[in-house]
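Engineer: There's a structure below that I have some questions on.
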Amino acid sequence: MRSRLFLVLVSITVLFTPAFAQKRNITEKDLFNFVWIADPQVAPDGSRVAFVRVTVNQRKDGYDTAIWTVSTATGESRQLTAGPRDSSPRWSPDGRFVCFVRSPEKDGRPAPPQLFMLSMDGGEAWQFTTLPRGAGGPQWSPDGKMISFGNGATTEELAKQKETLPVPPPPGAMPPAASPTPAASPKPPERESDVRVITRAVYRSNDSGYLDFKHPSHIWVVNAPRTGEDKVIPKQLTSGRYSDGNVTWAKDSARVYFVSDHRDEPYYELGKTDVYYIAVSGGQPTKLTTFDMGAAGFTVSPDGKKVAFYASTNQPVRSFTEPDLWVMDLAPDAQPKNLTANFDWDLGGGVGGDNSAPRGGGGFPPVWSADGKSIIALYGREGRANLGAFDAVSGKETDVTTGNQAVQSFRATPDSSKIVLLISTPTRIGDLFWMEKPGAPPKQLTHVNDELFSKLNLTEPEEIWYTSFDGKKIHTWVQKPPNFDPSKKYPLILNIHGGPHAAYGWVFDHEFQWMAAKGYVVLYPNPRGSTTYGQDFGNIIQYHYPGDDYKDLMFGVDEVIKRGYIDEKKLGVTGGSGGGLLTNWVVGHTTRFAAAVAQRDIASWAHWWYTADFTLFQPLWFKGPPFEQEEDFKARSPITYIKEVKTPMMFILGEADHRTPPGAGGEEMFRALKFRKIPTVMVRFPNESHELSRSGQPWHRVERLQNIVGWFDHWLLGVPKPEYEVAPKEQVPIKKEPGTTKPPGK
């Protein structure tokens, strides 16, 4: 009997060994095969979900987007549009059509995006807008007869387009005879100057480059075409020199509500929101109300009398103000009511990773229940992002989803009875899940990365809470290498998040999995100042950043070291944005790290204040400007402590980064360290903004990872890296003595 059991066990081992053998460690180049999901939209009857599917176009070193659907009953997916630049799918109220945005290709380059329509009865999609500067943000009217969208064309551009459109001949007219006279040479186009005359303190954006104040976005409407033969003419509703956004249809489809800031230089004042409405039949906008907060995610209640949204108060002025869920009557001079003043978690917020869908778009505005008695909203709590249902009067919260995960987006059927969720975990980039009713166990609909991930040896992080110097509890995660052995000694990488008001958590992060696969233990904490831990924890660093957050990080390193599996002589530190600033700060205050990589960093607060894409004219992080608070700016700038730095440093910089301009960060640190003859290297990425790690060109994202780990391999593990040397040592070929296999003298 024992021999028979032994044979069975041997057979099982033989059968399963090949499957296990196929598992391999994740690589940096696996990014080329990742698939992302974004902007899920539920069909009115709940039978299907449309979404944007994002993939890497390795040939063009970019991303392709197409519209797909998945059945909520069977999980069967199918492609609706060909792409490669399709986004913003929106169902008609009767579920028969999907409107979407496409950027057609013209002369080998993307043209301005336009609106397209696709019938669910079959057939090809057709284009129904051709406006200069394109069209975006489509929204169906509740009655399904019209679609609103945004456009930034000027009156002159629209008039010029109208002039160039061919005029059809009257019915029955003969075509004009060919003229023997040669046509006059076309008039050369007027030269458009590329010189920028800057008059505003905020004149460029990390996301879109230089801001174009000559082309504010306005609201348009168009009758919804039912076939490709329907010729519809868009109508412009709003105009003027201020952009209009946050568009929301009234329930009766007779008007749209929108937000428009009519301040030319709003950075001189605290945030506010002006709410307007305009009839779709035309006329002038009417201001409904004004309140002293910035707001996002407007959603009208089922009875059409209220609106729900996310917003943060602007008094008192704080470095971090926790966002809340608000409701407001749609009535003249109405003021919002805070539903979550006693709910100490971040409404409309979550946790960050490096794999949100690039170019995918979408959002997660709150959702009203059918009876208007509750509102479902996303909130972040202790490194997690889940949904809660909030009583529309008292604000009392009931969990809709729970668990160690990050809900990245969600939408519901019109009656809010069924919900689709886009969920990420440390071992899942993001898949769609279906909830038959709020609070029911979600069913997984998509498996977009299962084939790839079934071959990868991914590991779940270990969650740790530790006590910092002043008794505060700090939350961290430890990503360990595959086949981790606690009896061995591993090199450690401390990875610091940016923000500073952001959070790591239960979400997929390629960088952490890749570093662990290369043999490193990765420590990624949420020090004080991080979000998802309440108002006081987030704001405690105001006027003290960097400072005690540095101590939190060092206590985290000590916590992992005392567990016995870290080689204290092989410590590395890295971080991006605010994490880059803290990386610079760390090496100026301790020599315990063998190498550091500062990404998209800040070296001088004063230089950053003068050059960043947004202003710090309000006392959020400093009590005044650098010419009034010179000592404070100097004391909190890493460059001040450059003489203490002995750690070999790499700087990862995006050359189009307007959020943390290279000249205020890595360039300064690099030059100073070169003068001091401290080993240093600067890695610059052309055309990349502050979003390099999240939505940069795919090859740049891969090369970023290669350089970060390459630097640590070199200084922590002794791996030769001649590319990081000023004059790499030449490899002289060794001559062999005739008739031997040994070099001379051996």
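Engineer: How much of the accessible area of the chain, probe 1.4 Å, is carbon plus sulfur, in whole percent?
Structural biologist: C and S atoms contribute 53 percent here.
Engineer: Go through 624, 669, 611 and say which Cα lies farthest out towards the positive end of the charge dipole of the chain; charges sit on Cβ, +1 for Lys and Arg, -1 for Asp and Glu.
Structural biologist: 669
Engineer: Packing-wise, with mean Cβ within 10 Å as the measure, how do 151-159, 33-41, 337-345 rank, highest first?
Structural biologist: Top of the packing list down: 33-41, 337-345, 151-159.
Engineer: Calculate one ³J(HN,Hα) per residue across segment 657-664 by plugging θ = phi - 60° into the Karplus curve 6.51 cos²θ - 1.76 cosθ + 1.60, and present them in order as whole Hz with x for glycine and proline.
Structural biologist: Each residue's phi maps through the Karplus curve to give 7, 9, 6, 10, x, x, x, 9 Hz.
Engineer: Same structure again: Which whole-number percent of Cα pairs in the chain have a distance greater than 48 Å?
Structural biologist: Counting every Cα pair in the chain, those more than 48 Å apart make up 24 percent.
Engineer: Search the structure for amide H atoms under 5 Å from the amide H of residue 288, placed 1.01 Å from N in the peptide plane, and list their residues when 5 or more places away or on another chain.
Structural biologist: Answer set, sorted by chain and number: 275, 276, 277.
Engineer: Taking amide H positions as placed in the peptide plane 1.01 Å from N, state which residues far from residue 385 in sequence (5 or more) or on other chains have amide H under 5 Å from it.
Structural biologist: 405, 406, 407
Engineer: Let me ask something else about it. A 23 angstrom limit on the alpha carbon distance is what I want to check against. Which of 472/570; 472/646; 473/643; 145/251 exceed it?
Structural biologist: Violating the 23 Å Cα-Cα cut-off are 472/570; 472/646; 473/643.
Engineer: Rounded to the nearest 20 debye, what is the charge dipole size of segment 233-275 about its Cα centre when +1 sits on each Lys and Arg Cβ and -1 on each Asp and Glu Cβ?
Structural biologist: 260 debye
Engineer: Which loop-located chymotrypsin sites (Phe, Trp or Tyr not before Pro) does segment 528-567 contain, where loop means any DSSP state but H, G, I, E or B and the Cβ has at most 11 other Cβ atoms within 10 Å?
Structural biologist: Nothing satisfies the criteria.
Engineer: Counting only C-alpha contacts under 8 Å and six or more residues apart, can you give the relative contact order of the chain as a whole percent?
Structural biologist: 10 percent
Engineer: Grab the other residues whose beta carbon is less than 9 angstrom from that of residue 594, score K and R as +1, D and E as -1, and report the net.
Structural biologist: Here the charged neighbours net out to +3.
Engineer: Could you pull out the trypsin sites (Lys or Arg not before Pro) across segment 529-616 that fall in loop regions by DSSP (anything but H, G, I, E, B) with no more than 11 other Cβ atoms inside 10 Å?
Structural biologist: Here the sparse-neighbourhood loop sites are 562.
Engineer: By how many nm would the segment from residue 203 to residue 615 lengthen if fully extended, with 0.36 nm per residue of separation less the alpha-carbon distance?
Structural biologist: 147.3 nm
Engineer: How would you order 239-250, 358-369 from highest to lowest mean count of nearby Cβ atoms within 10 Å?
Structural biologist: Packing order, densest peptide first, comes out as 358-369, 239-250.
Engineer: While we're on this one: Modelled label-to-label distance, residue 489 and residue 126, 7 Å Cα→beta-carbon offset: nm?
Structural biologist: About 7.3 nm, to one decimal.
Engineer: Shifting gears a bit: Would you calculate, for the chain, the mean residue ellipticity at 222 nm contributed by helices, counting each DSSP H stretch of 4 or more residues as -39,500 (n - 2.57) and dividing by all residues, to the nearest 500?
Structural biologist: -4500 deg cm²/dmol
Engineer: Applying a 10 Å radius around every beta-carbon, put 106-113, 129-136 in order of their mean neighbour count, most first.
Structural biologist: Final packing ranking: 129-136, 106-113.
Engineer: State the extension gain, in nm to one decimal, for the chain segment bounded by residue 396 and residue 676, taking 0.36 nm per residue of separation less the distance between their alpha-carbons.
Structural biologist: Once the chain is fully extended between residue 396 and residue 676, it gains 94.9 nm.
Engineer: Around residue 110, with a cut-off of 15 angstrom between Cβ atoms, what is the net charge of the other residues, counting Lys and Arg +1 and Asp and Glu -1?
Structural biologist: Charge balance in the 15 Å sphere: +2.
Engineer: Magnitude of the Cβ-charge dipole of the chain, K/R +1 and D/E -1, about the Cα centre, nearest 20 debye?
Structural biologist: Dipole size: approximately 2040 debye.
Engineer: With θ set to phi - 60° and the Karplus curve 6.51 cos²θ - 1.76 cosθ + 1.60, what are the ³J(HN,Hα) couplings of segment 408-413 in order, to the nearest whole Hz, using x for Gly and Pro?
Structural biologist: Residue by residue, segment 408-413 yields 8, 6, 7, 8, 9, 5 Hz.
Engineer: Taking θ = phi - 60°, what integer Hz values does the Karplus form 6.51 cos²θ - 1.76 cosθ + 1.60 yield along segment 382-392, in sequence order, with x for Gly and Pro?
Structural biologist: 6, x, 10, 10, 9, 9, x, 9, 10, 4, 6
Engineer: Considering only protein heavy atoms, what per residue accessible area in square angstrom results for segment 68-134 with a 1.4 angstrom probe?
Structural biologist: 48 Å²
Engineer: Can you list the residues, at least 5 places off or on another chain, whose amide H is less than 5 Å from the amide H of residue 120, using H built in the peptide plane?
Structural biologist: It is 97, 98, by chain and number.
Engineer: Explain nothing, just the number: dipole magnitude of segment 397-544 about its Cα centre with +1 on each Lys and Arg Cβ and -1 on each Asp and Glu Cβ, in debye rounded to the nearest 20.
Structural biologist: Once rounded to the nearest 20, the dipole reads 280 debye.
Engineer: Further, regarding this structure: Considering the options 438, 638, 419, tell which one lies farthest towards the positive end of the dipole of the chain, charges being +1 on Lys and Arg and -1 on Asp and Glu at the Cβ, about the Cα centre.
Structural biologist: It is 638.
Engineer: Let me ask something else about it. Straight-line reach from residue 418: which aspartates and glutamates have a Cα under 16 Å away, not including same-chain ones fewer than 8 places off?
Structural biologist: Straight-distance partners of residue 418: 45, 371, 399, 436.
The values are calculated or read from the model by the stated rules, or taken from the named source; none is laboratory data. Predicted, not measured: the structure shown is a model, and the values here were computed from it. Every residue, glycine as well, gets a Cβ built from its backbone with ideal geometry; the counts of neighbours run over all protein chains shown. In case anyone asks, the SASA skips ligands and DNA or RNA and just uses the protein heavy atoms, side chains included. Shrake-Rupley method; radii C 1.70, N 1.55, O 1.52, S 1.80 Å.
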